[in-house]
Structures are given as C-alpha cells and as structure tokens.
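Single-structure report; data block below.
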C-alpha cells in the first residue's frame, strides 16, 4: 500500500510567508504522537494564532487523503489529540523563520532532536519513488544505509525516528 508523504515543514512555512491572513501567526515545529501503530513521536509543523489559542494545518502538510481541507482547531484540542508536550515545541515568528530558512537552507526542522532531518534528502527520495525512478526496495535500502551509518545506538535510534514517516507512508 502506498501513501502520499506529508510536507508539513514547507507547507506551513510557505503559508506563513505567502498568505496575508497568517502574517502574525507563529510557525511551530513539534513532536506529536502518531495516533496509530507504532504510536511513536514524529517531527511535525503547524501554525498557531498570535494569541496561541488556535492551530492551523494546511492540507498540503498532511499525507491523509481523507483530510482534503485545511484544518483549524483549538490549540488545546490539537495538543491533546497529538499528545503534544509544549516543552518540545519551537515557535518561530515570520522574521525568525526567514533567518532560519536562509541559515539552514531547508524548510526545517531547525532546532531540537529533529534538526538534522535535512541531512538525508527525504524529499528527493520521495520524488524519485513517486516518479517510479526507484522502487520501494531501493528507497528503503537507502534509508537503511542512512540509519546503519550511525556511530552510536542513540544516533541510530534518532535516524530511525527521522525515517519513520517515509518508511510508514511507502509501505
């Protein structure tokens, strides 16, 4: 079964940059808990209103085909459903986000345990897979090599966490 891979970091940053309705909103990078097996933490991005009471998630940021529309929900509900610990979230206003984009040359995440997400180009891998330039076995093999190249068990676990989204949505 093949699933489309979400593009939350780019989709949320672009919405903050391009849509005047969100000019004062905050970009949030955090770690919700996946609400299905294997129920693990994963890196994710969303927008929060200036008063931090509302969450906005653009439809482009989610892989689920069943959620065709942008999502706006109360922050307390979003955090409860995702089992999100605010202490593991990073908030960026528009100017800070622009500086981070220039400094890191990728859409995120930029801080915390998922900051090295861009060290392996999952977006390029996903494009090659989607365009059938590589098959599922080749894609998973590249990710396994990325994981196995880690120098410590902690780094290997971190890389597994980074890779989870792609592995889950392509299998």
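Coordinate-derived values only; no laboratory data. Please read these numbers as outputs of a predicted model, since none were measured by experiment. FYI the Cβ positions are ideal-geometry reconstructions off the backbone, even for glycines, and counts take in every protein chain you see.
Key figures for this structure:
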| quantity | calculated |
| --- | --- |
| Neighbour-count ranking [beta-carbon atoms within 10 angstrom, fewest first] of 57, 152, 49 | 152, 49, 57 |
| Residues 102, 76, 55, sorted so that the one with the fewest Cβ neighbours within 10 Å comes first | 102, 76, 55 |
| Which of 21, 138, 54 has the fewest Cβ neighbours within 10 Å, and the rest in rising order | 21, 138, 54 |
